[in-house]
Amino acid sequence: MRRRQVLALGAGLVAMAAGCGGATGTRGPATTRISMVVPGPAGGDADRVARSLKGVAERESLARAVHVETRPLASCLAEFTRAPRADQVLMAEPELVGTVRAARPSGAFAGTTPVARLCGEWELIAVPASSRLATFGAFADALRRDPGRLAVAGRNEGGVDHLLLGMLAQSLGVDARLVRYAAHPTCDDAVAALNGGGAAAVIAGQAAVRARVRSGELRVLAVSSPERIPGLEAPTLLESDVHLYCANWRGLLGPGRLADDDRAALALLCRDVAESPRWQALCGRNGWTPLYLDGEDFRQWLGVESARLGRALGELGVRA
């Protein structure tokens with residue numbers, strides 16, 4: 001069966017904190033105060049990552065204080081680039097790409113200084129245990145046969161769940177604009193749509209639905225990671241002949257034209273956090289995978305990823 005390949009996240013995607021090596025020099029960040037701007041509501045997914053980072057940095061004396069400030073998703077990136085401050089960093093995530101109009105697909109984060117990618121959460125495609133969609137192949141066939149009939153639930157329009165569905169459609173030769181997507185505020189609301197008959201499948205982060213999977217309420221058809229997720233009896237998309245990886249990644253960006261010394265200090269802070277056993281334990285507990293990447297590798301990856309997500313938004317007909 002023929003599939004169209006969709007650009008993967010890149011070789012750096014699965015780089016882990018372990019083995020990245022230590023940085024030399026003094027711990028400049030330990031004497032600084034940092035303000036972290038986070039998209040979305042307090043208590044949301046990005047906020048939980050930010051507050052976990054704050055806790056590790058402060059408890060291990062990697063920074064004197066980290067202040068977390070949540071801002072509306074729709075305006076967060078534009079505000080950050082419009083009024084840059086040297087002591088401020090942005091918690092970046094895929095959904096921010098759809099909130100700005102960029103001159104070119106790779107330029108969504110223009111006006112920022114990429115510092116480091118920290119972690120990500122893999123996505124699951126799941127159905128109720130009683131669903132007639134027994135395999136990912138059956139799901140794919142139904143999507144190709146009538147994309148407007150197979151309702152798929154997920155979080156915000158233009159968010160990572162919606163983006164993954166659009167890229168899946170593209171890889172299966174389906175016009176992404178025809179796909180029927182039911183957007184909900186949270187993963188719990190999206191899963192509730194399954195129970196109410198409002199959707200046939202759900203796309204969600206693994207942490208949000210793992211309890212329902214373990215209880216047998218949901219059955220996972222495929223995972224968006226490059227390798228199988230331990231504890232889940234589900235194939236990867238790659239095993240299902242769809243050449244696509246997708247993570248709800250989180251990274252830190254500094255303001256544009258950030259001085260080299262300041263960028264190096266922030267990168268050192270991020271690396272120290274990533275190598276911390278406390279951080280790694282938090283990642284395991286929350287269903288996040290360490291995906292540490294910094295320096296020029298992160299800058300290049302961010303441009304490729306932004307372009308990929310921008311194209312997916314265009315295919316879906318969702319733009320800022």
**Message:** Could you order the peptides 184-192, 308-316, 230-238 from most to least packed, using the average number of other C-beta atoms within 10 Å per residue?
**Reply:** 308-316, 184-192, 230-238
**Request:** Could I have the simple spin-label model distance between residue 79 and residue 215, label points 7 Å from Cα toward Cβ, reported in nm to one decimal?
**Result:** 3.6 nm
**Request:** List the equivalent ellipsoid semi-axes of region 139-193 in whole Å, largest first, each obtained as the square root of 5λ for an eigenvalue λ of the Cα gyration tensor.
**Result:** 19, 12, 8
**Prompt:** For a label point 7 angstrom out from the Cα of residue 35 toward its Cβ, which stretches of region 77-103 have the backbone nitrogen within less than 20 Å?
**Reply:** 77-93
**Stokes-Einstein D in µm²/s, Kirkwood radius over Cα pairs - region 53-126 at 10 °C with 1.306 mPa s viscosity** = 110 µm²/s
**Request:** Would you mind computing, in nm to one decimal, how far apart the modelled labels at residue 142 and residue 67 are, each placed 7 Å from Cα along Cα→Cβ?
**Result:** 5.0 nm
**Request:** At 0.36 nm per residue, minus the direct Cα-Cα distance, what do residue 177 and residue 129 gain on full extension? Give it in nm, one decimal, please.
**Result:** 14.5 nm
**Asked** Once every DSSP H run of n ≥ 4 in the chain is given -39500 (n - 2.57) and the sum is divided by its residues, what mean residue ellipticity at 222 nm do you get, rounded to the nearest 500 deg cm²/dmol?
**Response** -11000 deg cm²/dmol
**Request:** On a C-alpha basis, how far is the centre of region 194-262 from the centre of region 38-62 in Å? Whole number, if you could?
**Result:** 20 Å
**Item:** Antiparallel %, DSSP beta bridges [both residues in region 122-223], to 5
**Value:** 60 percent
**Alpha carbon convex hull of the chain, projected area averaged over orientations, nm²** = 15.2 nm²
**Asked** How long are the three semi-axes of the equivalent ellipsoid of region 92-179, in whole Å, if each is the root of 5 times an eigenvalue of the C-alpha gyration tensor, listed from largest down?
**Response** 30, 16, 10
**Fill in**
For the pair residue 311 and residue 299, the simple spin-label estimate (label points 7 Å beyond Cα toward Cβ) gives in nm 2.3 nm
**Cβ-based net charge around residue 146, under 14 Å, with every Lys or Arg adding one and every Asp or Glu removing one** = +2
**Message:** Against the 2.2 N^0.38 Å scaling, with N counting residues, where does region 122-223 land? I'd like the Cα-based Rg ratio to two decimal places.
**Reply:** 0.95
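Since every read-out is calculated from the coordinates, none of them should be taken as a lab result. Bear in mind the structure is a predicted one, so any value in this text is a computation, not a measurement. With ideal geometry, Cβ positions are generated from the backbone for all residues, glycine too; neighbour counts draw on all protein chains shown.
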